[in-house]
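Written below as structure tokens is the structure these notes are about.
The values are calculated or read from the model by the stated rules, or taken from the named source; none is laboratory data. Since we're looking at a predicted model, the values are computed, not measured. Note that we place each Cβ from the backbone using ideal geometry, even for glycine, and neighbour counts take in every protein chain shown. For the accessible areas, the whole protein counts, side chains as well, though only heavy atoms, and no ligand, DNA or RNA atoms are used. Shrake-Rupley method; radii C 1.70, N 1.55, O 1.52, S 1.80 Å.
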Protein chains: 2
Amino acid sequence: MVVLGIDPGITNLGLGVVEQVGQKARMLHGEVVRTLHTDPAPKRVGRLYQAVYEAAVRFKPVAIAVEEQFFYRQNELAYKVGWAMGAVLVVADQQGIPLYGYGPPKVKQALVGYGHADKTQVAYMVRAILNLPTTPKPTHLADALAIALTHCFFSRMTGLAPLS
Amino acid sequence: MVVLGIDPGITNLGLGVVEQVGQKARMLHGEVVRTLHTDPAPKRVGRLYQAVYEAAVRFKPVAIAVEEQFFYRQNELAYKVGWAMGAVLVVADQQGIPLYGYGPPKVKQALVGYGHADKTQVAYMVRAILNLPTTPKPTHLADALAIALTHCFFSRMTGLAPLS
Ligand SMILES: [Mg+2]
């Protein structure tokens with residue numbers, strides 16, 4: 001099972017592709033797509049769309065998993081994370097890939113075993129599960145891989161509902 | 001000059017196309033694209049993308065103008081308006097159409113003459129300027145047409161900066 005994990009953001013979008021076979025998981029691809037805040041908004045979001053589209057076509061994931069954050073410090077930040085999500089959602093629709101959202105407590109629960117684990121424990125587990133030589137950096141990439149692994153974990157359960 | 005005006009929203013997206021020639025303006029097209037909150041998120045945003053894409057290809061606007069609201073009652077609302085904006089921004093990038101954002105005071109200033117006008121005055125002016133038999137309904141369509149006309153108004157000025 002190949003899963004595309006995404007840590008959505010307009011300036012930094014983390015993108016990690018993971019393949020799970022039985023109890024084993026490995027990283028197929030990882031990148032952080034960056035855009036400049038001085039660039040026009042269509043160019044920024046178009047670049048995110050393109051990167052997600054290319055990953056979807058290249059790796060043919062059975063699911064896209066995204067980090068969902070419900071409390072932002074500012075309205076405007078939530079709005080602009082939404083721009084990035086819009087691009088991801090267009091790709092998911094065009095390629096017919098179901099999309100799932102997971103909040104931080106779900107990620108911690110899946111990877112560390114309890115919902116109040118801290119971020120370094122999550123990053124440590126990402127490294128261990130994927131058998132990586134070092135902790136994935138930057139954090140946006142570690143977050144994207146964590147989200148992909150979270151979906152692998154929860155997808156063993158039945159009745160998982162895609163994001164609406 | 002043809003302008004595509006958009007009142008972005010995930011459940012209701014207002015879409016109005018206006019053509020301005022000299023001092024005259026007319027409506028070429030208007031619709032409200034609706035999505036169901038019970039539908040998967042990719043399907044909803046994919047539908048918005050498709051509607052905006054079709055309008056862009058059919059009417060070849062020189063600009064897309066969107067309503068920008070900076071204060072939302074809730075974070076989650078801002079986030080989901082962002083989803084809709086993401087779809088619009090992907091179309092703008094793919095079709096190479098510059099995109100401009102206008103807040104409500106700018107719309108009121110352009111159409112009524114002062115930034116504190118109320119919404120009924122704006123709708124009345126949209127009807128008058130476009131020479132429509134009745135006030136455009138629903139409000140999301142009136143809003144979209146108002147945004148398109150606002151761009152026609154401000155585009156006469158130099159130094160207009162696209163949204164970033
Ligand atoms: Mg409206």
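Please express the Cα-Cα pair-distance distribution P(r) of segment B:11-77 as a list of whole percents, one per 10 Å bin, running from 0 to the bin with the greatest distance.
16, 42, 30, 10, 1
Kirkwood Rh and Cα-based Rg: tell me the resulting Rg over Rh for segment B:2-154, rounded to two decimals.
Over the Cα atoms of segment B:2-154, Rg/Rh equals 0.95.
Within 10 Å of each Cβ of B:37-48, how many other protein chain Cβ atoms are there on average?
Rounded to a whole number, the mean comes out at 6.
In the protein assembly as shown, what percentage of the DSSP-assigned beta bridges are antiparallel, given to the nearest 5?
Percent antiparallel among DSSP bridges in the protein assembly as shown is about 65.
Add +1 for every Lys or Arg and -1 for every Asp or Glu among the other residues with Cβ under 15 Å from the Cβ of B:Gln109, and state the total.
That sum, taken over residues with Cβ under 15 Å, equals +1.
Using a simple spin-label model with points 7 Å from Cα along the Cα→Cβ vector, what separation in nm is obtained for B:Arg156 and B:Tyr114?
2.1 nm
Pairs of Cα atoms under 8 Å, at least six residues apart: use those to get the relative contact order of segment A:2-154, whole percent.
Over segment A:2-154, the number comes to 33 percent.
Return the FRET efficiency for the residue pair B:Gln121, A:Arg34: r is the Cβ-Cβ distance, R0 is 45 Å, and the value is rounded to the nearest 0.05.
For B:Gln121 and A:Arg34, the calculated efficiency is 0.55.
Can you give the % of DSSP beta bridges in chain A that are antiparallel, to the nearest 5?
Close to 65 percent.
May I ask for the angle, rounded to the nearest 10°, between helix B:41-59 and the longest principal axis of chain B, with both axes built from Cα atoms and the value confined to 0 to 90°?
The angle comes out near 40 degrees.
Across peptide A:92-100, what mean number of C-beta atoms from other chains lies inside 10 Å of a residue's C-beta?
4
To the nearest whole number, what is the average tally of beta carbon atoms from other chains within 10 Å of the beta carbons of peptide B:49-60?
Partner Cβ neighbours, averaged per residue: 1.
Considering only protein heavy atoms, what is the solvent-accessible area of A:Phe153 at a probe of 1.4 Å, reported in Å² to the nearest 10?
Around 70 Å² of this residue is reachable by solvent.
With each label point set 7 Å from Cα along the Cα-Cβ vector, what nm distance links B:Asn131 and B:Gln74?
Using points 7 Å along Cα→Cβ, the separation is 4.5 nm.
What does the helix-only formula give at 222 nm for chain A: each DSSP H stretch with n ≥ 4 adding -39500 (n - 2.57), the total divided by the residues, and the result rounded to the nearest 500 deg cm²/dmol?
Computed ellipticity for chain A at 222 nm equals -15000 deg cm²/dmol.
Over the Cα atoms of the protein assembly as shown, Rg to Rh with Kirkwood Rh, two decimal places?
In the protein assembly as shown, Rg relative to Rh is 1.04.
Add +1 for every Lys or Arg and -1 for every Asp or Glu among the other residues with Cβ under 15 Å from the Cβ of B:Thr139, and state the total.
Result for the local shell: 0.
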